[in-house]
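Below: the structure, in structure tokens.
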Amino acid sequence: MAVVVDHHPHGFKPLSQLPKCRLQSYSHFDPTMHDITHNVTNHTSNITPNFHKSYSTPCFSLTTTSKDEFESNPRIEIISGRKAPMVHALVAEVAIALASGVKPTPVSSGLGGAYYLQSRKGTTIAVVKPADEEPLAFNNPKGFAGRMLGQPGMRRSIRVGETGHRELAAYLLDHGGFAGVPPSALVKICHVTFNVNNNNKTGPASNPPFKITSIQRYIEHETDAGDLGPSVFSVSSVHRIGILDIRLLNLDRHAGNMLVKNFNGRYVSGTAELVPIDHGFCLPESLDDPYFEWLHWPQASMPFSETEADYISDLDPFKDAELLRTELPLIRECSVRIFILCSLFLKRATAAGLTLADMGEMMTREFIGGEENWSVLEKICVNAKANLDLEITTEGTDEEVKEFDEMFAFDDSFMRNEDVSTRQATEKLPELMKYSSEGVKNELRDPRLSRVIQESDIKDGYGSSGVPILRSVSFAAHNNTHDTGVCVSFDEMKEDEWSLFLEYFEELLPEAFEEKKRTCLLKQRLGNSCEF
């Protein structure tokens with residue numbers, strides 16, 4: 001069996017006729033080879049310069065004479081991630097395995113369709129996850145099917161068929177392998193049998209010619225974090241995974257997707273290293289409730305090392321955002337903004353001296369009395385959005401007042417008594433700018449301000465100019481319904497609004513961090529005062 005690995009961004013073009021050659025094999029074919037014609041069919045010497053040999057890349061056999069047979073051979077094409085380190089080597093190994101007749105082996109665990117790919121020697125080299133076999137996708141092999149690609153998935157902020165993009169995003173954003181995310185890519189695999197559900201029930205389901213899948217290097221490990229107590233894990237591995245989870249707002253960091261290495265059956269405290277996998281539920285489209293398995297581990301309450309603090313300080317969220325937009329354009333802008341927001345939160349919190357546990361607690365929602373409350377991070381965003389809305393509304397009101405002033409600025413030819421008319425117009429302006437909680441003294445006030453103004457009157461009082469000052473608008477959170485699960489929609493913000501929102505967001509962070517420190521200090525005092 002022959003197989004082709006294609007690194008060309010435009011995909012494959014069928015050959016007019018395959019050149020004949022025996023007992024030779026080559027790796028990639030040069031793009032100029034796409035236009036080969038019959039005049040070189042029997043002259044292999046003219047073909048050779050268009051190839052380059054590599055022992056680590058798959059074989060393209062030239063012994064086949066049928067174009068149809070060639071086109072039905074397994075092929076693998078990199079869609080996204082071709083610039084990432086170690087991706088080409090991974091794809092080449094997979095292609096070689098497919099060429100030797102290896103079939104994907106289904107993985108029994110998990111809710112989605114996943115497959116192991118093994119080498120000719122039986123060593124597992126990669127994990128493949130087709131997009132149409134994700135949980136709730138129409139070809140899911142484990143009974144969790146029924147939705148089309150692009151619809152809300154297991155988490156409403158992650159769409160069906162898009163977890164593979166997030167797997168690659170986690171690898172791209174793990175600069176220098178800091179957290180140890182295995183090499184990942186988004187690929188198209190042709191003429192390889194995966195699961196296909198017979199949804200029409202009219203006949204046997206046919207296997208499609210190709211599937212879009214995520215592919216990740218398989219990591220040899222002894223167990224996962226669920227089989228061991230957290231005391232055996234090194235502080236650095238817990239911190240590095242936690243830093244990645246904070247940046248990406250990982251909604252599903254459980255013990256099963258942290259693999260344990262360097263354990264060797266020895267229960268030696270702080271020696272086992274963790275490897276993070278399965279990042280399909282990161283970078284949500286809205287602020288959501290994350291799950292951090294490490295949240296209450298003792299390592300999370302320890303301060304960052306100098307190396308970790310320097311790594312966080314050197315992060316550039318806006319540069320990373322451009323990387324996402326360039327390499328993964330299908331990830332929506334709202335998800336990119338969530339990433340920027342969480343990265344800024346991580347950087348400012350680290351500079352303020354907060355621990356990983358402090359940050360995780362501020363990002364996680366609380367359940368009190370059977371009700372779910374917004375997390376501290378979500379409340380900060382609600383406050384920033386309220387300030388943004390107030391400024392936008394105030395600017396709109398100023399423009400209306402200016403228009404009103406111009407309407408009553410009559411010309412001298414129409415008014416003989418200039419002093420009286422000017423004085424009357426001037427006396428009306430303070431009434432227009434005056435805010436009242438009853439809403440009866442000024443009928444011309446912009447009605448869009450009424451809700452914010454009334455709450456401001458009650459909560460914050462007035463400034464010296466009579467305009468309400470929103471020192472803290474955490475009360476605004478109760479105006480958001482939990483039915484949608486979204487506290488602030490970043491998808492609807494214009495670019496200038498988004499920039500202004502970030503300014504308000506960063507202004508509110510120091511007070512939130514100080515409040516968190518006071519809360520932690522109070523808990524420590526209460527803990528020390530109790531003896532059992």
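The values are calculated or read from the model by the stated rules, or taken from the named source; none is laboratory data. This one's a predicted model, so the numbers in the text were calculated from it and none came from an experiment. Don't worry about glycine lacking a Cβ; one is built from the backbone with ideal geometry, like all the others, and counts go over all protein chains shown. When the accessible area is computed, the model is the full protein with side chains, heavy atoms only, and any ligands, DNA or RNA have been set aside. Shrake-Rupley method; radii C 1.70, N 1.55, O 1.52, S 1.80 Å.
Observations on the model:
- Some residue of segment 252-262 being open to solvent by 30 Å² or more (accessible area, probe 1.4 Å), on the phi > 0 side of the Ramachandran plot and touching an Asp or Glu at 6+ places or on another chain (Cβ under 7 Å): yes
- Inter-residue pairs, beta-carbon under 8 Å, first without any contact (Cβ under 8 Å) to a residue 12 or more places away in the chain and in segment 356-369, second charged (D, E, K, R) and open to solvent by 30 Å² or more (accessible area, probe 1.4 Å), 6+ apart: Glu366/Glu372
- Pro303 vs. criteria open to solvent by 40 Å² or more (accessible area, probe 1.4 Å) and either part of a loop (DSSP other than H, G, I, E, B) or touching a Phe, Trp or Tyr at 6+ places or on another chain (Cβ under 7 Å) (or both): yes
- Here Arg247 does not qualify as assigned to a helix (DSSP H, G or I), in contact with a Leu (Cβ under 9 Å, 6 or more places away or on another chain) and open to solvent by 50 Å² or more (accessible area, probe 1.4 Å).
- Just one residue in the set Pro303, Pro290, Pro298 is touching a Ser or Thr at 6+ places or on another chain (Cβ under 9 Å) and free of Cβ contacts under 8 Å to residues at least 60 places away in the same chain; that residue is Pro303.
- Tally, over segment 120-149, of residues that are open to solvent by less than 30 Å² (accessible area, probe 1.4 Å) and either assigned to a helix (DSSP H, G or I) or more than 21 Å from Ile189 (Cβ to Cβ) (or both): 3
- Those residues of segment 341-379 which are among the hydrophobic types (A, V, I, L, M, F, W, C), in a helix (DSSP H, G or I) and open to solvent by 10 Å² or more (accessible area, probe 1.4 Å), in sequence order: Ala351, Val376
- Scope segment 318-331; condition in contact (Cβ under 8 Å) with a residue 60 or more places away in the chain and either open to solvent by 80 Å² or more (accessible area, probe 1.4 Å) or part of a helix (DSSP H, G or I) (or both); matching residues: Asp320, Leu323, Leu324, Glu327, Leu330
- Set side by side, the residues Thr422, Thr397 differ, and just one is modelled with pLDDT under 85, farther than 30 Å from Trp498 by Cα and not in a loop (DSSP other than H, G, I, E, B), which is Thr422.
- Condition met for Lys379 (modelled with pLDDT of 95 or more, basic (Lys, Arg) and over 19 Å from Pro284 (Cα atoms)): no
- Matching residues, segment 150-182, being open to solvent by 20 Å² or more (accessible area, probe 1.4 Å) and part of a loop (DSSP other than H, G, I, E, B): Gly150, Gln151, Met154, Arg155, Arg156, Glu162, Phe178, Gly180
- The condition (being on the phi < 0 side of the Ramachandran plot, of a type in the set (Val, Ile, Thr) and either open to solvent by 20 Å² or more (accessible area, probe 1.4 Å) or out of contact with any Gly (no Cβ under 9 Å at 6 or more places or on another chain) (or both)) is satisfied by just one residue among Ile215, Ile219: Ile219.
- Residues that are in a helix (DSSP H, G or I), more than 16 Å from Leu249 (Cα to Cα) and open to solvent by 10 Å² or more (accessible area, probe 1.4 Å) are absent from segment 272-290 altogether.
- Exactly one residue out of Ser529, Ser489 is small (Gly, Ala, Ser) and at pLDDT 85 or above, and it is Ser489.
- Test: residue in segment 189-201 that is touching a strand residue (DSSP E or B) at 6+ places or on another chain (Cβ under 8 Å), of a type in the set (A, V, I, L, M, F, W, C) and in a strand (DSSP E or B): yes
- The residue that is modelled with the lowest pLDDT, counting only those in segment 65-106 that are in a loop (DSSP other than H, G, I, E, B) and of a type in the set (S, T, N, Q), is Thr65.
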